[in-house]
Amino acid sequence: MDKCKQNECEILEVSLKTLIIGSGGREHALFQAVSEGGGNAYFLPERKSLPTAGVAPSALLKDWSALSDWLKKEKIRLVIIGPEQPLVEGLGDFLKKQGFFVFGPSASAARLEGSKLFAKEFMKAQNIPTAPFQVVHSLSETLKASENFSPPYVLKADGLAGGKGVFVCQTVKELEDKAKSLFEDKILGSAGEVALLEEFQKGVEVSVFILTNGEDYCILPMAQDYKRLGEKNTGPNTGGMGATAPLSLPEKLMEDIENSIIKPSVQGLKKNHYGYCGVLYIGLMVGQKGPRVLEYNVRFGDPEAQVLLPLLDGSWCEVFYQVSQGKLPSLNWKNIHSACVVLAAGGYPGNPLKGEIIKGFIYHKTPHSYFLHAGVGQNEEGQWIVNGGRVLNSVAVGQTAEQALKRAYEQMAKISWEGLHYRKDIGSAGKSSFHF
Ligand code: AMP
Ligand code: GLY
């Protein structure tokens, strides 16, 4: 049992002005959730294709003092920090010191995502199951360490790499190439100066999200992300090509995840006095030996947020407001399913082809489906164009997972552009068996 009920607290009547920081589909989903929950949401940075009423000047992203002044002028009290980078850099700490409510952890807690090695040490201290690993600093160290592992090899840059820091290598030769690119060509700069060589974990991936105040937690419905570019989990890793929720897991597995992973993780936050107020995303591989933690993220997943946020039976605005003050509300969930299909640019994730004109109506929606905007730009003629790797998210809800998926694909069909790439098998892993 999670502790929500025990820690029930009054939901205040709030109509809060909220700033959402970040430029992806996740932040559009947060904007929508806050607005629907009675909040008055603002964006930073500006989005050409989204409402202009609530926008903070983009320059404020780099000037925190000016951001604080602007927030005070606009009487905005709550800030939700979507992506990891500003959290790792300490924006949450800065804004909290200025008196704002912040949904998102301190920089010291954000090291759980900012450093894979830090996360491993945290897991070790809390006895949390994860893949065995070795720290490596050079090509020669990597090759030597590879003798202690068998293929496929997993090489992970220690620092933040925007989803580009994990290499699953089938052969020693491939590992050698990747280690060379990290340590000698420095493709990830300082983020790749230290890396982990990790045992490959076989199984099914599950995304676990908890809201926490650093002492207690509420578990959100389970979600599943499709990280690889191609169908049947082939091709390179991406930020995520689609997601579904809720995922139904056997009760015994849920208990195991809660007892061996969630509880000790939160105990670790508490023990270290991180004062973590936000969402913790635990990436799991569930295999024959049980669930293993692949990674911690200190923010909502993208595209998992897109499928989780529509499931709440209540006001996200109130939930964010409460959590940012260290309180954990009681959460109720709708008895529905949701699905998200990511529409990506040709060439994504390596070299997304920008500038293609988007054909179709980017505001098309039905009572059950809509587009969330991520990499949408505008050309001089005012046409909407591809301006990023992941361009649009087609999101839908339904009474069943099948219905939600069908609607998400029908919505998707309203849009196209030269080179558009999407996965046709989102939802297929939900049928995987978790009984090993
Ligand atoms: P991460 O950034 O750590 O989530 O890694 C990105 C993706 O790489 C994960 O979602 C997995 O698909 C894959 N991955 C990471 N670590 C492992 C591992 N030890 N075994 C198998 N796959 C992994
Ligand atoms: N969906 C994966 C991530 O947000 O990191």
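The set of residues in the range 354-378 being among the β-branched types (Val, Ile, Thr) and outside any loop (DSSP other than H, G, I, E, B) consists of 357, 366, 376.
For beta carbons closer than 9 Å, sequence separation of 6+ or different chains, a first residue in the range 274-289 that is open to solvent by 20 Å² or more (accessible area, probe 1.4 Å) and at pLDDT 95 or above and a second that is outside any loop (DSSP other than H, G, I, E, B) and away from ligand 2 (no atom under 16 Å from the Cβ), the qualifying pairs are 285/291; 285/292. Among the hydrophobic types (A, V, I, L, M, F, W, C) and within 27 Å of residue 388 (Cα to Cα), is that true of residue 194? For residue 194, the condition - among the hydrophobic types (A, V, I, L, M, F, W, C) and within 27 Å of residue 388 (Cα to Cα) - is not met. When the residues of the range 379-422 are filtered to those that are among the polar types (S, T, N, Q) and part of a helix (DSSP H, G or I), the one that is most open to solvent (accessible area, probe 1.4 Å) is 403. Restricting attention to the range 115-162, the residues that are open to solvent by 40 Å² or more (accessible area, probe 1.4 Å), closer than 22 Å to residue 291 by Cβ and within 12 Å of ligand 1 (Cβ to nearest atom) add up to 3. The set of residues from the range 192-208 being surrounded by fewer than 21 Cβ atoms within 10 Å (Cβ to Cβ) and within 16 Å of ligand 2 (Cβ to nearest atom) comprises 204, 205. Flag: residue 333 matches the condition of being of a type in the set (Phe, Trp, Tyr) and either more than 19 Å from residue 28 (Cβ to Cβ) or open to solvent by 50 Å² or more (accessible area, probe 1.4 Å) (or both). Residue 198 falls short of the stated requirement of being closer than 30 Å to residue 424 by Cβ, within 16 Å of ligand 1 (Cβ to nearest atom) and charged (D, E, K, R). Can we say residue 167 is under 24 Å from the mean Cα position of the chain (by Cα) and either modelled with pLDDT of 95 or more or among the hydroxyl-bearing types (Ser, Thr, Tyr) (or both)? So residue 167 does not fit the description; no. Looking at 313, 302, just one residue is within 16 Å of ligand 1 (Cβ to nearest atom), open to solvent by 10 Å² or more (accessible area, probe 1.4 Å) and touching a Lys or Arg at 6+ places or on another chain (Cβ under 8 Å), and that residue is 302.
If you go through the range 93-107 one residue at a time, do you hit one that is open to solvent by 10 Å² or more (accessible area, probe 1.4 Å), farther than 19 Å from residue 16 by Cβ and touching a residue at least 40 places away in the same chain (Cβ under 8 Å)? Yes, the range 93-107 contains a residue that is open to solvent by 10 Å² or more (accessible area, probe 1.4 Å), farther than 19 Å from residue 16 by Cβ and touching a residue at least 40 places away in the same chain (Cβ under 8 Å).
Within the range 235-253, being within 22 Å of residue 290 (Cβ to Cβ) and part of a loop (DSSP other than H, G, I, E, B) holds for 246, 247, 248, 249, 250. State whether the residues of the range 232-240 include one that is within 23 Å of the chain's Cα centre (by Cα), away from ligand 2 (no atom under 16 Å from the Cβ) and free of Cβ contacts under 8 Å to residues at least 40 places away in the same chain. Yes, the conditions are met somewhere in the range 232-240. Filtered by the rule that a residue be open to solvent by less than 50 Å² (accessible area, probe 1.4 Å) and either without any contact (Cβ under 8 Å) to a residue 60 or more places away in the chain or under 20 Å from residue 245 (Cα atoms) (or both), the range 338-358 gives 338, 339, 340, 341, 342, 343, 352, 355, 358. Among the conditions (1) more than 13 Å from ligand 1 (Cβ to nearest atom); (2) open to solvent by 10 Å² or more (accessible area, probe 1.4 Å), residue 319 misses just one, which is (2).
The values are calculated or read from the model by the stated rules, or taken from the named source; none is laboratory data. All values reported here derive from a predicted model rather than from experimental measurement. As a convention, Cβ positions derive from the backbone with ideal geometry for all residues, glycine included, and neighbour counts pool all protein chains shown. Ligands, DNA and RNA are excluded from the accessible area calculation, which covers all protein heavy atoms including side chains. Shrake-Rupley method; radii C 1.70, N 1.55, O 1.52, S 1.80 Å.
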